[in-house]
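Novice: Let me begin by handing over the structure; questions about it come next.
The values are calculated or read from the model by the stated rules, or taken from the named source; none is laboratory data. In this text the structure is predicted, and so the values were computed from the model without any measurement. Backbone-built Cβ (ideal geometry, glycine too); neighbour counts: all protein chains shown. Heads up: the accessible areas ignore ligands, DNA and RNA and are worked out on the full protein's heavy atoms, side chains in. Shrake-Rupley method; radii C 1.70, N 1.55, O 1.52, S 1.80 Å.
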Amino acid sequence: MTATAVICGLGACLPQRTVTNEELAGRLDTSDDWIRTRTGIARRRMVEPGTSTGDLAVAAGAAALESAGADADFVLLATTTPDRLCPGTAPEVGYRIGLGEVPALDVSAVCSGFVYGLVLARALVTAGVCRRPLVIGAEVYTSIIDPSDRNTAVIFGDGAGAVLLREGLVSEPGAIRATDLGSDGRGSDMIAIAGGGSREPGRDGALPRDRRYFQMDGRMVYGQAVRRMTDSSRTVLEQAGWTPSAVGAFVGHQANQRILDAVADHLGVGDRCRFGNIAEVGNTAAASIPLALADTAAQGRVRPGTPTVLTAFGGGLAWGSVALNWPDVVPVQHDVEHAHTSAAS
Ligand code: ACO
């Protein structure tokens, strides 16, 4: 049997504060009905001032280790909203979790970051670089959203999810069976924060509002998202030797319920095999897939070993998919406060 990486722990962390559509409609030109029908989102979570992506990542990462009953020897942190522009957030997260001097780096692939992280983690395991990588997807997305922009403020939320992987066999629950990654830099302007980087540093506060905040051409991105996630999912299905009807769990990046339904319809995945939590948490970018996995696992809705497809698409443009057996794990969820009381802090 071929060696691969196997998910053996699953953790999550959501901030306490819930922001409803009604609350947003009280200060923006929008409505609960518009948001629900266009996106499927009813509410999202938002951190209190002072809570960072690293805080959420520490809580979710520690939860994944507790779920597995094991430590990690590598940290990959997928995020669009690092604590600081420099250095990466992962080393501090690893230290605060109590992992000492393990290798740690950030993965910057926006909404596909967690899937990219999973694929890299499997490669690290099978290449013998490490034995138990921790892959965290964490975002304080609200830190880059213009609160007065109805195009984006209704969509995104904050949160973190994490998985611990170990070496194992493709026949085991949690085993990664097939992977696919891709990107198309021609679409790099479709989802972007224009300023603040080396191209347009905007020193001395010189950046106008629309260059400082996250912008997305939703209409253009919509078609790309459906096409790329459908094609990428088909690629991993083919590699895994599964027909769409064999798929028992489909978990896509929680960008928009209509996009997720269109992808699942194109693939031919049944209604009862589609899992997610977009209604409750909105789009949490790199955190969305592990949060959806933790939510589904907590409800015991999928049998360990069930053929599963994860797929994501986002800024870059970048996309990716993973075919795996549903893991045999009991997820653990921690509050943000856990980050402030954990071992190394
Ligand atoms: N409330 C009310 N009206 C709104 C709102 C709002 N919050 N936002 C936009 N509108 C208006 C628009 O101004 C537009 O008005 P107009 O027709 O007068 O110009 C109208 O509603 C329709 O706008 P559309 O953009 O066509 O709405 P659409 O149905 O496409 O939904 C959305 C917008 C939700 C953004 C959708 O396009 C989408 O989900 N796109 C893809 C997002 C995605 O997958 N992103 C990639 C991952 S995320 C990442 O990488 C960070």
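Novice: Which condition from (1) within 15 Å of the ligand (Cβ to nearest atom); (2) closer than 23 Å to Pro201 by Cα is the one that Leu85 breaks?
Specialist: Checking Leu85 against (1) within 15 Å of the ligand (Cβ to nearest atom); (2) closer than 23 Å to Pro201 by Cα, the one that fails is (1).
Novice: Take the residues in the range 1-41 that are under 19 Å from the mean Cα position of the chain (by Cα) and within 16 Å of the ligand (Cβ to nearest atom); name whichever of them is surrounded by the fewest Cβ atoms within 10 Å (Cβ to Cβ).
Specialist: My answer is Gly40.
Novice: What number of residues within the range 140-178 satisfy the criterion of being within 20 Å of Gln254 (Cβ to Cβ) and polar (S, T, N, Q)?
Specialist: 4
Novice: Next question. Within the group Gly157, Gly137, Gly187, which residue is over 19 Å from the mean Cα position of the chain (by Cα), open to solvent by less than 20 Å² (accessible area, probe 1.4 Å), at pLDDT 95 or above and within 16 Å of the ligand (Cβ to nearest atom)?
Specialist: Gly187
Novice: Separate question: So is Asp295 acidic (Asp, Glu) and touching a Phe, Trp or Tyr at 6+ places or on another chain (Cβ under 9 Å) or not?
Specialist: yes
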